[in-house]
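Asks: Starting off with a structure, shown below.
Taken together, the values in this text are just the output of simple stated rules run on the coordinates, not laboratory data. Keep in mind that what you see is a predicted model, and the values were worked out from it rather than measured. Here the Cβ positions follow ideal geometry from the backbone for every residue, glycine too, while neighbour counts run over all protein chains shown.
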Amino acid sequence: MAETTPKRKFIIDFDSTFTQVEGLDELAKIALNGNPNQNEIVSKIKNLTDQGMSGELSFSEALSQRLALLSATKDDVDTLVSFLKKKVSKSFARNEVFFEHCAEDVIILSSGFKDFIVPVATELGVLEANIYANTFVYDEEGNITGADQNNPLAGDGGKVTLVKSLNLDAEIHVIGDGFTDYEIKESGLAQYFYAFTENVERPAVMEKADHVVKSLDEFLWLNHLPRSQSYPKSRIKVLLLENVHQAAVQAFREEGFDVEFHKGALGEKELCEKIKDVSIVGIRSKTNLTAKVLENADKLIAVGAFCIGTNQIDLAKCTEKGIAVFNAPYSNTRSVVELAIGEIIMLIRKIPSNSERMHQGIWNKSANNSYEIRGKKLGIIGYGHIGMQLSVVAEAMGMEVHFYDSVDRMPIGNAIKCRSMEEVFNVADVVSLHIDGRSQNNNLIGKEQFEQMKDGVIFLNLARGFVVDIPALVEALKSGKVAGAGVDVFPKEPRTNDDPFKSELMGLENVILSPHIGGSTEEAQEMIGQYVPERLLEYINNGSTTGSVNFPEVQLPVLQNSHRLLHVHKNMPGIMAKINNIFAKHNINVTGQYLKTNESIGYVIVDVEISYTPEFLEELRDIPETIRFRKLF
């Protein structure tokens, strides 16, 4: 006789599992609103809840003590219901498909109260007949006076007693965050207990579990049940370094990812170990994703550079491994421009050196060698997004702009395009660098270039530290060739704020040194903290590669009623033929197909009807030129 899959029943807790909060705790906050002792009483109720859930206190004792402190009414319960509908756990709210398909087999079993559980759970598709919980007892005025003591759930071991009475002829899976949920498994009435930790982690409960699940998605994936995510995001680890803005941390956590956050950068050795189980990494400019690091990143899908530059990332290795890289090319442009303008004014007025003298008690009021920026010539090397915006702002302040870029750029406003850097240097009163971090820009500005500049020039480097020969700049400052300098970036920078900074520029007069903060404003970091995660999430959730610096850019429609197959492969002739032959062989109906290539890789996205076999997917993975293959639904 053929084996059949055993019938399964899913017993799910309500408080801190189905919802993000404990119902009685929230009811206490509502009922005691305006009471001068509210915080004290609510704290006592919450402590009793935790003691009961962790097994430190018998349930019946914890419940009776909480109800005695509650002082709530029927109207308070109605208010609580409205509140709880907005506090359904995120992974439950997005998996309505599970409750639709498995409605007969889902049981809500709670030591909470039907009065507020039924209106919330049934809205997601749970059958009212499958909800088992306590019930409040009210007096004639609608005040809660206690719990129905005839209900087995009001006493110790109530969940075990009730499950026994149900005589469930099935394989029982229990999902919950409390010790009373584990007791069902301990009694032999359930085959599996899952400690649910999306909202609260109770170590004593987690130790007892067959599985610790961070979301309902993870439970559904483990049991091959209908779900909204092809792979649970709670199992996808995101590593965010260098104190990226909390907006990024929040964006990933709200999506259900497992997020690890560090304020500082990590060195190569530490990163090689840390990145082994990471799928998404977010960095700024001090973390180097070298080939060696990437060799250890077998799970890495995407990299987010929370800055403009990507020279700290081995893009060739990322492409070879099918890792998409995204950056923030525009988000901090305004911040860098404002710092440049501020430093130009400060340096041309000799404010840094005069300020230093003032701190020493020296009064040196004089107009000698102090100028307005109006009418001065600004020379910009690098006419990208920052260079262009600096050009606009400087011109609005009365400066005459001359620029050079290795790429042919159209001038904005009245800016004058020059044919070489030397042409810019010969005319500029102020020189500001805004070039990228490609290797050929190493020591681009040295002794020869400083000699080409006007005597008394103001010099700014807010671009990359290694593009300027620092000893040559020091010499030019000491000789007076350069009258003042603003330097925000350095060839060697501390990895964290706790590490010391050293530079030959320290102590020189009329030099502004800043710790790589050109783009470090609250506005810029928040914009970057929103922009980069948006690009990463689009790629992870949808397959879109808009804004990628190493993948072909594809903007995809929202996936509807299909599964999406993402195939990254070496850009070689005949790959599409191989892919399409596999589709034809397995008689797969395609609902949408998209392809983009660059010089290294091809990226094909195929939306298909849901019916296909595991063998079909394996054949796509086994195409010899495949770099990475994944599935979305």
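Asks: Among the listed pairs 7/85; 263/492; 299/321; 299/570; 376/454; 237/492, give every one whose C-alpha distance is greater than 22 Å.
Replies: From the list (7/85; 263/492; 299/321; 299/570; 376/454; 237/492), the Cα-Cα distance tops 22 Å for 7/85; 237/492.
Asks: Given all pairs of different Cα atoms, what value in angstroms does the Kirkwood hydrodynamic radius of segment 556-632 take?
Replies: 12.6
Asks: Rounded to the nearest angstrom and ordered from largest down, what semi-axes does the equivalent ellipsoid of segment 333-520 get from its C-alpha gyration tensor (root of 5λ)?
Replies: Values for segment 333-520, descending: 24, 20, 16 Å.
Asks: Given 565, 620, 600, which one lies farthest toward the positive end of the charge dipole of segment 556-632, if we put +1 on the Cβ of every Lys and Arg and -1 on the Cβ of every Asp and Glu?
Replies: It is 600.
Asks: Moving on. Assuming a viscosity of 0.692 mPa s and a temperature of 37 °C, what translational diffusion coefficient in µm² per second does Stokes-Einstein assign to the chain, Rh being the Kirkwood radius over Cα pairs?
Replies: Rounded to a whole number, D works out at 113 µm²/s.
Asks: Need the C-alpha centroid separation for segment 401-457 versus segment 194-237, integer Å.
Replies: The two parts, judged by their Cα centres, are 56 Å apart.
Asks: Go from 0 up to the bin containing the longest alpha carbon distance in segment 192-342, width 10 Å each, and give me the % of pairs per bin.
Replies: So the P(r) values, bin by bin, are 10, 33, 30, 19, 6, 1, 0.
Asks: Of 9/164; 90/214; 317/631, which pairs sit farther than 21 Å apart, going by alpha carbon to alpha carbon?
Replies: Among 9/164; 90/214; 317/631, the Cα-Cα distance tops 21 Å for 317/631.
Asks: Could you work out the mean projected area of the convex hull around the alpha carbons of segment 1-113, in square nanometres to one decimal?
Replies: Average projection, Cα convex hull of segment 1-113: 9.6 nm².
Asks: To continue, here is another question. Taking the C-alpha atoms of segment 151-251, how large are the radius of gyration and the largest Cα-Cα span, Dmax, in Å?
Replies: Using the Cα atoms of segment 151-251, the pair Rg, Dmax is 16.9, 55 Å.
Asks: Then there's this: Mean residue ellipticity at 222 nm from the helices of the chain, using -39,500 (n - 2.57) per DSSP H segment of n ≥ 4 over the full residue count, to the nearest 500 deg cm²/dmol?
Replies: -10000 deg cm²/dmol
Asks: Continuing with this model, one more query. From the alpha carbon gyration tensor of segment 8-222, can you work out the equivalent ellipsoid semi-axes (sqrt of 5 times each eigenvalue) and give them in Å, largest to smallest?
Replies: Gyration-tensor ellipsoid for segment 8-222: 26, 18, 17 Å.
Asks: Moving to a separate point now. Below 8 Å between Cα atoms, with a sequence gap of 6+, how large is the relative contact order for segment 556-632 in percent?
Replies: So the answer I get is 46 percent.
Asks: Using a cut-off of 12 Å between alpha-carbon atoms, which aspartates and glutamates can reach residue 417, once sequence neighbours fewer than 8 places away in the same chain are excluded?
Replies: 400, 405, 408
Asks: I would also like to ask the following. At a 10 angstrom cut-off on C-beta neighbours, averaged per residue, how do the peptides 19-26, 284-291 rank from highest to lowest?
Replies: 19-26, 284-291
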